[in-house]
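A quick write-up on the structure given underneath.
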Amino acid sequence: MSDQQQSPSPDPDGEASLRPLTLAALRHLVCEDLKDVPGDTLVVLSRDAEGNLFSPFSSYSLSRYAPTDEFVGDVYPLPEELVDDASLRELYGDRIPDIAVTALVLYPLG
């Protein structure tokens, strides 16, 4: 999983990842931060740490996603992240499946 998550909105106090993602922040994210991302980009919802599946979203990342089963999969770094980070290259090496596609991954609060 890519650990380069991004805050969904400007964050002067450094606590955006501790707040739920609001509709206003989501609109900003789509209209500003993600305006150049292709419209057919897959959106992946990450399960929360407790496994209850009903937590508010707080952050996102552009990553690569590869399905492992009908409704679940794994998240991997983007090619440019691998180029920029030797530790990611060492960690993932050639283990990223060819079927991995770019996806917007939404992470839950917590």
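The values are calculated or read from the model by the stated rules, or taken from the named source; none is laboratory data. Because the structure is a prediction, the values reported are computed rather than measured. Calculation scope for accessible area: heavy atoms of the full protein, side chains included, ligands and nucleic acids excluded. Shrake-Rupley method; radii C 1.70, N 1.55, O 1.52, S 1.80 Å.
Report in % the part of the accessible area of the range 63-110 that belongs to carbon and sulfur, leaving out ligands and nucleic acids; probe 1.4 Å.
On the way: 1560 of 2990 Å².
Carbon plus sulfur share of accessible area: 52 percent.
Scan around L78 for amide H atoms under 5 Å from its own, H built in the peptide plane at 1.01 Å from N, and keep only partners 5 or more places away or cross-chain.
R64
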